[in-house]
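K.L.:
First, the structure itself, so that you have it in front of you.
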Amino acid sequence: MPTNPYGWLEKSLDSIHRANWYRSVKTIDRLSGSTVILDGHEVINFASNDYLGLATDTRLIQAAIAATKKYGTGSTGSRLLSGHRDLHQELEKAIANLKQTEDALVFSSGYLANLGTISALVGQKDLILGDKYNHSSLKKGAKLSGATILEYSHNDIQNLATLLDSFRSKYRRCLITTDSVFSMDGDLCPLPELLSLAEDFNSLLLVDEAHATGVMGKTGAGCVEHFGCTGKELIQIGTLSKALGSLGGYVASSSTLIDFLRNRAATWIYTTGLSPADTAAALCAIDLIRTEPQRREKLWHNVDYLQQELSGLNLLPSQSPIICLKLPSPKTALHKAQQLQTAGIFVPAIRPPTVPTSRLRISVMATHQPEHLQKLVAVIKSKA
């Protein structure tokens with residue numbers, strides 16, 4: 001009797017449950033701001049990547065509505081066929097202006113931007129050196145490229161230098177990849193040192209600015225600006241779905257590299273263009289980042305307050321609005337998250353295999369009020 005070819009799925013799910021790795025969605029029942037309705041109860045939201053509170057800003061909403069009325073709900077095709085709109089080009093110019101690069105290219109998601117860019121730039125004759133803690137999209141893009149992949153220890157410049165010295169000469173091209181803000185830890189990459197190594201070893205450098213765009217740097221341009229590396233030759237990738245409050249991804253770099261990607265990045269060529277609503281909302285968000293720096297100021301005031309009040313606890317090192325409380329096991333993380341939710345605070349438990357060690361991930365927003373922060377501190381300390 002042949003076995004059921006789908007029978008292994010239940011056994012696999014059972015193993016996930018036993019390891020306390022099981023995941024399920026949590027339904028938000030209204031606009032997702034600093035507070036949300038979760039399981040029928042209002043809770044303070046420390047789970048959102050909407051760092052500047054723009055996802056519910058009425059100006060982004062109105063921009064999306066106006067674009068939908070003018071262009072319809074969808075782009076109807078790939079950008080190279082029927083899907084290109086003037087809004088796309090306006091957004092790409094705005095991103096390039098924000099990042100101070102020659103050009104930019106908008107993808108339908110940040111994940112697609114990483115997959116398409118990496119697999120277009122390197123292949124089987126090439127080498128990719130990636131930070132061990134890189135986002136999944138960077139790692140999947142590397143695998144898709146067919147290049148040889150080596151990981152260097154997290155933010156370990158000496159380890160990366162050793163790998164470059166040992167292996168760089170054996171390959172045609174070399175691509176170094178890293179997050180700028182590591183999404184599950186909150187720390188920053190050592191960008192100036194990475195740039196120096198890339199130059200010394202004739203290597204490309206790709207930096208994922210997903211959690212830095214709109215947040216880091218004097219004008220919100222990201223970690224490249226934060227570290228004073230604007231104008232350096234590198235590849236910047238980011239998302240429109242976090243601090244920009246919309247959806248989509250981008251690549252910002254030289255005009256030559258962007259033109260190459262228009263012709264070789266499969267996840268751009270063969271994907272329907274970003275919707276008019278998302279494009280218009282992101283365009284509006286970039287304008288607000290430029291004209292309302294007080295949003296960033298409020299965000300960093302909130303971050304500084306929490307870092308100070310939670311000092312002495314088992315926090316992971318962070319220089320961003322992502323603050324992580326390290327915990328000994330997945331079970332403990334789930335228990336702590338449930339305790340917080342019962343107290344009216346939504347903080348997600350992050351567990352393996354997403355991260356090597358379990359933690360609570362606190363995501364700070366500019367729209368959090370002092371009483372929100374004070375309650376979080378009080379509950380965490382009471383449960384410590």
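The values are calculated or read from the model by the stated rules, or taken from the named source; none is laboratory data. Treat the numbers as computed from the prediction; the structure is a model and nothing was measured. A quick note on method: Cβ atoms are made from the backbone with ideal geometry, for glycine too, and the neighbour counts reach across all protein chains shown. Surface areas here come from the heavy atoms of the whole protein model, side chains and all, with no ligands, DNA or RNA. Shrake-Rupley method; radii C 1.70, N 1.55, O 1.52, S 1.80 Å.
K.L.:
Only residues that are open to solvent by 10 Å² or more (accessible area, probe 1.4 Å) and within 24 Å of Ser363 (Cβ to Cβ): list them for segment 239-255, please.
P.N.:
Thr239, Ser241, Lys242, Gly245, Ser246, Leu247, listed by residue number.
K.L.:
Further, regarding this structure: Anything in segment 217-226 that is in a loop (DSSP other than H, G, I, E, B) and closer than 16 Å to His135 by Cβ? List them, or say none.
P.N.:
Gly222
K.L.:
Right, something else. Among the candidates Ala343, Ala277, Ala349, which residue alone is in contact with a helix residue (DSSP H, G or I) (Cβ under 7 Å, 6 or more places away or on another chain), in contact (Cβ under 8 Å) with a residue 60 or more places away in the chain and surrounded by 15 or more Cβ atoms within 10 Å (Cβ to Cβ)?
P.N.:
Sole residue among the options that is in contact with a helix residue (DSSP H, G or I) (Cβ under 7 Å, 6 or more places away or on another chain), in contact (Cβ under 8 Å) with a residue 60 or more places away in the chain and surrounded by 15 or more Cβ atoms within 10 Å (Cβ to Cβ): Ala277.
K.L.:
Moving on to the next point. Quick check on this structure: which one of Glu297, Glu371 is open to solvent by 30 Å² or more (accessible area, probe 1.4 Å), out of contact with any helix residue (DSSP H, G or I) (no Cβ under 6 Å at 6 or more places or on another chain) and either in a strand (DSSP E or B) or under 19 Å from Thr213 (Cβ atoms) (or both)?
P.N.:
That would be Glu297, the only listed residue that is open to solvent by 30 Å² or more (accessible area, probe 1.4 Å), out of contact with any helix residue (DSSP H, G or I) (no Cβ under 6 Å at 6 or more places or on another chain) and either in a strand (DSSP E or B) or under 19 Å from Thr213 (Cβ atoms) (or both).
K.L.:
Something else now. Given the options Ile65, Ile28, Ile16, name the one that is β-branched (Val, Ile, Thr), out of contact with any Cys (no Cβ under 6 Å at 6 or more places or on another chain) and touching a residue at least 24 places away in the same chain (Cβ under 8 Å).
P.N.:
Unique residue meeting the criteria: Ile65.
K.L.:
Moving to a separate point now. Does segment 54-73 contain any residue that is of a type in the set (A, V, I, L, M), under 19 Å from the mean Cα position of the chain (by Cα) and over 26 Å from Ile269 (Cβ atoms)?
P.N.:
Within segment 54-73, one or more residues are of a type in the set (A, V, I, L, M), under 19 Å from the mean Cα position of the chain (by Cα) and over 26 Å from Ile269 (Cβ atoms).
K.L.:
Being open to solvent by 10 Å² or more (accessible area, probe 1.4 Å) and of a type in the set (Phe, Trp, Tyr) is the filter; apply it to segment 160-212 and report the residue that is nearest to the chain's Cα centre (by Cα).
P.N.:
Restricting to residues being open to solvent by 10 Å² or more (accessible area, probe 1.4 Å) and of a type in the set (Phe, Trp, Tyr), the top hit is Phe201.
Yes/no matrix, rows are residues, columns are (1) of a type in the set (A, V, I, L, M); (2) closer than 21 Å to Phe260 by Cβ:
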position	(1), (2)
Ser137	no, yes
Ala147	yes, yes
His154	no, no
Leu160	yes, no
Ser166	no, no
Leu175	yes, yes
Glu199	no, yes
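K.L.:
Can you name every residue in segment 31-62 that is touching a Cys at 6+ places or on another chain (Cβ under 6 Å) and surrounded by fewer than 20 Cβ atoms within 10 Å (Cβ to Cβ)?
P.N.:
Arg59
K.L.:
What's the number of the only condition in (1) assigned to a loop (DSSP other than H, G, I, E, B); (2) without any contact (Cβ under 8 Å) to a residue 24 or more places away in the chain; (3) among the basic types (Lys, Arg) that Lys125 fails to meet?
P.N.:
So the condition that Lys125 fails would be (2).
For (1) surrounded by 24 or more Cβ atoms within 10 Å (Cβ to Cβ); (2) assigned to a helix (DSSP H, G or I), each residue gets a yes or a no:
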{"position": "Gly228", "(1), (2)": "no, no"}
{"position": "Ile237", "(1), (2)": "yes, no"}
{"position": "Leu257", "(1), (2)": "no, yes"}
{"position": "Ala282", "(1), (2)": "yes, yes"}
{"position": "Arg290", "(1), (2)": "no, yes"}
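K.L.:
Could you tell me which of the residues Gly83, Gly116, Gly141 is in a loop (DSSP other than H, G, I, E, B), open to solvent by less than 50 Å² (accessible area, probe 1.4 Å) and in contact (Cβ under 8 Å) with a residue 24 or more places away in the chain?
P.N.:
Residue meeting the stated conditions: Gly83.
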